[in-house]
Amino acid sequence: TFDGTVPDAGIVLQLAGQEEKLKPQGYTLAVEPGRVVIAGADEPGLYYGTVTFFQLLRHALKRVAEAPQVPCAAIVDWPDTPNRLLRLEHPHTFRNYPVRENRGIDYLIQWTDRFVAGNKFNTFYVDLSANVRYARRPEMNGSDKLYSLADLRRFGDFCRDRFIDLCPAFQVGGHANWWLTIGYHPELRAKGWKSQGDVTHPDHDPIVYDCMLDVIEALRPKYVSP
């Protein structure tokens with residue numbers, strides 16, 4: 001931390017002053033022989049400036065572990081659109097069907113760090129409905145479930161720390177077989193249809209809402225997509 005004059009050495013992170021007139025979520029990055037200064041128009045912009053700096057660190061064709069080289073540069077950058085959405089069509093699983101690669105929450109976090117935060121997306125649409133161990137509906141919890149609600153709380157915190165708005169999605173209606181009807185609640189399948197859930201069934205909404213509420217309470221997302 002510092003007050004007044006920007007230090008003349010080291011890595012300096014700061015929010016830009018009004019005189020710089022950066023666009024929202026924008027930043028400046030100055031790499032000098034003895035100093036790096038990253039200034040964000042706001043907190044997201046400051047974070048995106050650090051993302052770019054790490055990209056510069058990894059960009060060199062020759063890796064020097066002891067003293068990584070970063071080229072001197074002056075960058076002014078901002079996003080063209082305020083909302084940048086990435087969708088992950090998460091692998092679906094069926095009840096007690098063995099998962100070939102059960103990577104767990106650590107892999108999802110690493111994936112999100114690389115492909116969502118690492119590319120400066122700020123809205124992440126992800127269907128986790130078939131992969132969660134639900135508290136309110138324990139009958140939905142076969143051995144195929146990858147994530148606990150504690151895992152989702154950790155994932156939600158991870159995304160908020162990187163200025164990512166989460167949007168969990170649920171297949172309700174036309175594609176409900178992926179998580180709701182096959183193996184768990186076949187009585188909720190619409191008669192004569194393979195994958196359609198019967199949204200008029202009196203048990204449909206209480207079951208679906210319980211599952212959605214578990215995820216909402218754990219992730220604390222800004223958006224939800226049914």
Contour minus Cα-Cα distance for residue 75 and residue 97 (0.36 nm per residue) | 2.9 nm
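Could you please report the charge total around residue 206, scoring K, R as +1 and D, E as -1 over all other residues with beta-carbon less than 11 angstrom from its beta-carbon?
After counting each charged neighbour, the total is -1.
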May I have the convex hull volume per residue, in Å³, for the Cα set of the range 69-226?
-> 134 Å³
So which of 23/145; 145/191; 120/194; 62/222; 21/120 end up more than 32 Å apart by C-alpha?
-> 23/145; 120/194; 62/222
Extension gain from residue 141 to residue 193, taking 0.36 nm per residue of separation minus the Cα-Cα distance = 16.3 nm
With a probe of 1.4 Å, find how much accessible area the range 60-99 has per residue, and write the answer as a whole number in Å².
-> 83 Å²
Averaging sequence separations of C-alpha pairs under 8 Å and six or more residues apart, then dividing by the length of the range 116-226, give the relative contact order as a whole percent.
-> 31 percent
In whole angstrom, note down how far apart the Cα centers of the range 132-198 and the range 37-115 are.
-> 26 Å
Angle in degrees between helix 204-219 and the longest Cα principal axis of the chain, rounded to the nearest 10 = 20 degrees
Once you list every other residue whose beta carbon is under 15 Å from the beta carbon of residue 11, what net charge do they have if Lys and Arg are +1 and Asp and Glu are -1?
-> -1
Among beta bridges assigned by DSSP with both residues in the chain, the antiparallel ones amount in percent, to the nearest 5, to 40 percent
Springs between alpha-carbon atoms under 10 Å, Gaussian network over the chain: tell me which of 45, 183, 156 tops the mean-square fluctuations.
-> 183
Nearest 10, in degrees from 0 to 90: the angle of helix 149-161 to the longest Cα principal axis of the chain is 30 degrees
Taking the chain and dividing mean pair separation by its residue count, relative contact order in percent (alpha carbons under 8 Å, at least six apart) = 15 percent
The answer for the net charge of residues other than residue 166 whose Cβ lies under 10 angstrom from its Cβ, with Lys and Arg +1 and Asp and Glu -1, is +2
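The values are calculated or read from the model by the stated rules, or taken from the named source; none is laboratory data. Since the model is a prediction, treat every value here as computed from it, not as a measurement. Virtual Cβ from ideal backbone geometry, glycine too; neighbours counted across all protein chains shown. Side chains are part of the model used for accessible areas, which takes the heavy atoms of the whole protein and leaves out ligands, DNA and RNA. Shrake-Rupley method; radii C 1.70, N 1.55, O 1.52, S 1.80 Å.
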